[in-house]
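Working notes for the structure below.
The values are calculated or read from the model by the stated rules, or taken from the named source; none is laboratory data. Note that the structure is predicted; figures quoted are calculated from it, not measured. Cβ atoms come from the backbone with ideal geometry, glycine included; neighbour counts cover every protein chain shown. Only protein heavy atoms, including side chains, enter the accessible area calculation; ligands, DNA and RNA are left aside. Shrake-Rupley method; radii C 1.70, N 1.55, O 1.52, S 1.80 Å.
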Amino acid sequence: MSEPVPAEPTLAIVGAGPAGLRAAQVLTEAGLRPILLDEGHRAGGQIYRRPPPGAERPAAALYGFEAGRAQALHDLADALASQIDYRPDTMVWGIAPRAPFGFDLDCLGPRGHERIAVDRLVLATGAMDRTLPFPGWTLPGVFTLGAAQIALKAQGMAIGRRVALVGAGPLLPLVAHQYAKAGATLAAVLDVTPLGAKVTAVPRLALLPGTLAKGVWYTVAGALRGLPVRSGVRAIAVEGGRQVEALTWDDARGRRHRVACDAVGASFGLRSEAQAADLAGCRFVFEPVTRQWQPERSPEGRASHPHVYLAGDGSGIGGADVAELQGERTALALLADLGRPRDAAREARLDRRLARHAGFRAALDAAYPYPHHLVDGIGDDEIVCRCEGITAGTLRRAATERDAREMNRLKALTRAGMGRCQGRVCGHAAAEILARTLAVPVETVGRLRGQAPIKPIPLREPV
Amino acid sequence: MERLTVDVAIIGGGIAACSAAVALREAGLTVALLEKRLCGGGASGVNFGGVRQQGRDFSELPLSRRARVLWDGLGAKLAEDVGFEATGHIKLARSESDMAVLEAYARDAAEYGLDLQLLGANALRAEMPWLGPAVVGASLSPTDGQANPRVVGPAFARLARRLGAEVREHAPVRHAAHDGAGFTVEAEGVSVRSRSLVNAAGAYGGAVAGWFGEAAPVAPLSPNMVVTEPLPHLVTRSIGVVGGDVYVRQTRRGNVVLGGGRGTADSVDGLARPVSATSLGAMDKTLTLIPDLAHAQVIRSWSGLDGEMPDHIPVIGLSASTPGLVHAFGFSGHGFQLGPVVGEILAELVTQGRSASPLHPFRIERFAAWRGPYRSEGEIEH
Ligand SMILES: Cc1cc2nc3c(=O)[nH]c(=O)nc-3n(C[C@H](O)[C@H](O)[C@H](O)COP(=O)(O)OP(=O)(O)OC[C@H]3O[C@@H](n4cnc5c(N)ncnc54)[C@H](O)[C@@H]3O)c2cc1C
Ligand SMILES: Cc1cc2nc3c(=O)[nH]c(=O)nc-3n(C[C@H](O)[C@H](O)[C@H](O)COP(=O)(O)OP(=O)(O)OC[C@H]3O[C@@H](n4cnc5c(N)ncnc54)[C@H](O)[C@@H]3O)c2cc1C
């Protein structure tokens, strides 16, 4: 780094999940006192989400086989609290580069709006579920798999009495397992990817047991325990008047099935929450396997922007164990860039483990390809953008009749992605539909530009 | 490299350029339009959406009055719902001296045929009981309104294509020159020969003029915009204030759009960004005008890049240095409403060398003696 490094640089970490917490740990070990900003009330992030105080349940019941890791992360969070500037309940809604270098973070927290000037930024913002429209997906009672899991972890409740789960990713068997363990009635567990891909991938996965890998094992184990697991299903539809009443689907041989249920959890993999990286000015690259744009990240966790460091699912879906390793690794890279003494052995050890995980991740992605083939089955009347009520037909017509060849233009012409969620929910599906209609690779239609606020903020400052 | 030979080449793809392409095709000329990014993706596509005559420099009023007539038929002409609604534009006074400004303007505007209604505090409260106590009076322009900027530019571009214009997007013009016989315009992937050249490059219009030895100091202008989630309909009219530090409207969908102050413009890539502190300031000011919006959620902010001239009115007219070159740029933050008429005027200038509208105030020669750069600041009305 050529520019002067302040003696006591101000460092901020956004996100107190596994990635952010490990990064904070490394920085404190080096005698620094980072600011750790997190929207959540309690540290832990998605996977190790903690119930609100007073509603605790035993870790084993909440996190299953991850209980040990969850406990370790929570203990770490508690231990760090006094050594860092920890700001829970604080959303970072704006990030702007400042001269000569560094960033201004716009935060909304318990004390209202606050603007924090920082020299370097670690972004560990995690992921959210990926959705795809299917008939009935906007009915009350349909949740994402992640939301189904959050209900269980944070509130200790299931999303319904008779629950059907649908998905295309390791989260599906994981949530099914957690629901079964919690005593919920599972009406069906439907995997839209074929079993074949998984069976061939599993031996490779076995080489490296990680959290997400365990999900794959449940595909087998769950079936053994008599869960109604089906693979390669198609034409999923939710039936119901004012709320979910049943789920129907075609099996791999084309036969129609129907089960009664009062709630559905459905999502199709994860997408990185990368708006913060976008606002910070990071370059994005298209990741072809999971078919999404992500901030460019070096193996050590450096972003394209020289003062931004990336870790965890916010910059590439790797799961919780990888998030921890990356958090540690990127913090070491940051320290090196600050001119601190380096621990080459520790760096090399982490790099080796991350490389092994990367190979394993490739196998996992092969086992759970993003089901973009389902896009053809989305009817013209289906709503894609829930916030604005925009249908697949409107998107397709914008492509064929109104020259929309790019995502931001599609949005300008149709309002898709222009609502409350700013395309976080519908953006991927809309891109697949646009690309499919134009018969071009999905990366050529680009991605929605991010702007502040990262999530909605009230017009009047709350006091 | 594609080669085209046409009657008229157009640099830019904003509302000025695209409406010119349409008018020139309607006049029977062949046209090639070259846009750096996407047509209608610059200022024309991201502006506040105010379709306002009130408050304009009087020199602009004849053009603005003519444009207003075109807005009525624009949706039909473009075969696109441009969202135009004559909701009225109301300009609020927050002090007695503001009110005096409005009174004086209304008197003079009447000479241009623009009827403005002055409202005292009581009449104003009767019509808009939701206005905050800071407002003491207003001037209403009932024929003004608002439209959806995102669709207007692209729809003009599509119409131009349907009429046979060659429209090239992602085709930044690197250079243009006149060799005595005609123009050569070098863009990425395409080279155009033409008899006439229209410079409608928005904030870059000054640079293009410079290729022909003409001075035109254009400063980047990037108004800062904020929008809320859709809300029940409340804000019945498009709202401005004396001083221009805040403006508010509610879209048909229910989103409240508000602006005020400036974002930042990156002079390298030409992209403008909103500034959070400015957004928060505009939000506060909006609340003093409309306290009922306190619980609304802001879902996005943005900015865009327009070109601003030192006297806040555009350059429109024939080049003083090069025959066949016509300029229309530097609309200084209020060129959206004028857009439809600018195309007609440019076609008049290309085909007849003169326009039915008075263009003297907009001639480029007014900057002939200008030296050095120019930085703009302060509030701008849209
Ligand atoms: C709903 C859901 C359930 C999941 N369940 C599992 C599971 O069971 N097993 C598994 O292996 N993986 C699961 N995953 C994948 C999960 O992303 C990773 O396992 C792991 O949580 C990634 O760690 P992380 O530190 O990268 O991100 P996270 O754990 O997601 O942490 C990111 C943190 O950043 C905060 N944040 C983000 N943006 C901002 C902002 N602008 N301002 C302030 N704070 C912000 C978030 O509130 C969050 O606390 C799940 C993902 C989701 C979305
Ligand atoms: C945020 C904002 C709010 C506004 N609000 C209002 C309002 O409410 N009411 C109103 O009347 N006006 C408003 N305006 C002003 C109005 O939008 C502009 O004055 C008007 O759109 C200008 O049109 P234009 O065609 O000259 O410019 P632009 O729309 O900017 O078009 C110029 C085009 O030229 C292209 N270009 C530049 N250089 C080259 C090159 N070398 N080669 C090829 N192409 C090139 C650019 O990419 C751009 O697309 C606002 C402007 C902004 C930014």
Approximate spin-label separation A:ALA72-B:GLU26, in nm, with each point projected 7 Å along Cα-to-Cβ: 7.2 nm
Long-range tail of P(r) for chain A (Cα pairs > 38 Å, %): 22 percent
Shielding by partners - mean other protein chain Cβ count within 10 Å, residues of A:411-422: 4
Relative contact order (percent, whole number), region A:69-155, Cα cutoff 8 Å, 6+ residue spacing: 15 percent
Inter-centroid distance (Cα atoms) of region A:440-456 relative to region A:23-78, Å: 30 Å
Nonlocal amide H pairs with A:SER304, under 5 Å, H built at 1.01 Å: A:ARG283, A:GLU296
Whole-Å semi-axes of the ellipsoid equivalent to chain B (Cα gyration tensor, √5λ, descending): 36, 21, 19
Relative contact order for region A:346-406, counting Cα pairs under 8 Å that sit 6 or more residues apart, in percent: 16 percent
Shielding by other protein chains, B:114-120, mean Cβ within 10 Å: 0
Relative counts (whole %) of C-alpha pair distances in region A:282-373, using bins that are 5 Å wide: 3, 13, 23, 24, 18, 10, 5, 2, 1, 0
Alpha-carbon centroids, region A:357-372 and region B:107-136: separation in whole Å: 64 Å
Of all accessible heavy-atom area on the protein assembly as shown, the percent that carbon and sulfur account for (1.4 Å): 54 percent
Taking all pairs of distinct alpha-carbon atoms in region A:378-445, Kirkwood radius in angstrom: 11.3 Å
Pairs beyond 30 Å (Cα-Cα), from A:LYS455/B:LYS285; A:LYS153/A:LYS411; A:LYS455/B:LYS91; A:LYS455/B:LYS77: A:LYS153/A:LYS411; A:LYS455/B:LYS91; A:LYS455/B:LYS77
Long-range HN-HN contacts of A:LEU36 with modeled amide H, under 5 Å: A:ILE13, A:ASP85, A:TYR86, A:ARG87
222 nm mean residue ellipticity, helices alone, for chain B (DSSP H n ≥ 4; -39,500 (n - 2.57); rounded to 500): -8500 deg cm²/dmol
Protein heavy-atom accessible area occluded, B/A pair - total, 1.4 Å probe, Å²: 2800 Å²
Per residue, in Å², the accessible surface of region B:81-202 once ligands and nucleic acids are set aside, probe 1.4 Å: 40 Å²
At 0.692 mPa s and 37 °C, Stokes diffusion of the protein assembly as shown via Kirkwood alpha-carbon radius, µm² per second: 113 µm²/s
Peptides ranked, highest mean first, by Cβ atoms within 10 Å: ranges B:196-207, B:71-82: B:196-207, B:71-82
On Cα atoms only, tilt of B:15-26 relative to the major axis of chain B in degrees: 50 degrees
Residue-wise HN-Hα coupling along region A:356-364, computed from phi with Karplus coefficients 6.51, -1.76, 1.60 (Hz; x: Gly, Pro): 4, 4, 5, x, 5, 4, 4, 5, 5
Average beta-carbon neighbours from other chains, 10 Å sphere, peptide B:179-192: 0
Label point at B:LEU163 placed 7 Å out along Cα→Cβ; residues across region B:188-222 whose backbone nitrogen lies under 17 Å: B:196-200
Normalised contact order of chain A, rounded percent, pairs of Cα under 8 Å and 6 or more residues apart: 17 percent
37 °C / 0.692 mPa s Stokes-Einstein diffusion coefficient of region A:1-153, Kirkwood radius on C-alpha pairs, µm²/s: 191 µm²/s
MRE, 222 nm, helices only [DSSP H, n ≥ 4, -39500 (n - 2.57), over chain A, to nearest 500]: -10000 deg cm²/dmol
0 to 90° range, to nearest 10: angle between helix A:171-181 axis and chain A longest Cα axis: 80 degrees
Top positive-direction residue, dipole computed over region A:378-445 with Cβ charges, set A:GLY389, A:GLY419, A:THR437: A:GLY419
Projected label distance in nm at B:ARG3 and A:THR248, using a 7 Å step from Cα toward the beta-carbon: 6.3 nm
Cα centroid separation, region A:93-163 to region A:281-302 (Å): 19 Å
Per residue value of the accessible surface for region A:1-127 (all protein chains in place, 1.4 Å probe), Å²: 40 Å²
Share, in percent, of DSSP beta bridges within the protein assembly as shown that are antiparallel, nearest 5: 60 percent
Mean Cβ count within 10 Å, highest first, over the residues of peptides B:346-359, B:110-123: B:346-359, B:110-123
Burial order of peptide ranges A:337-350, A:307-320 (average beta-carbon count within 10 Å, highest first): A:307-320, A:337-350
The protein assembly as shown - Cys residues lacking any other Cys C-beta under 4.7 Å: A:CYS107, A:CYS261, A:CYS282, A:CYS387, A:CYS421, B:CYS18, B:CYS39
Chain B: angle of helix B:339-352 to the longest principal axis, Cα-based, in degrees nearest 10: 30 degrees
For A:ILE390, distant residues with modelled amide H under 5 Å away: A:VAL384, A:CYS385
Kirkwood Rh and Cα Rg combined as Rg/Rh, region B:1-42: 0.98
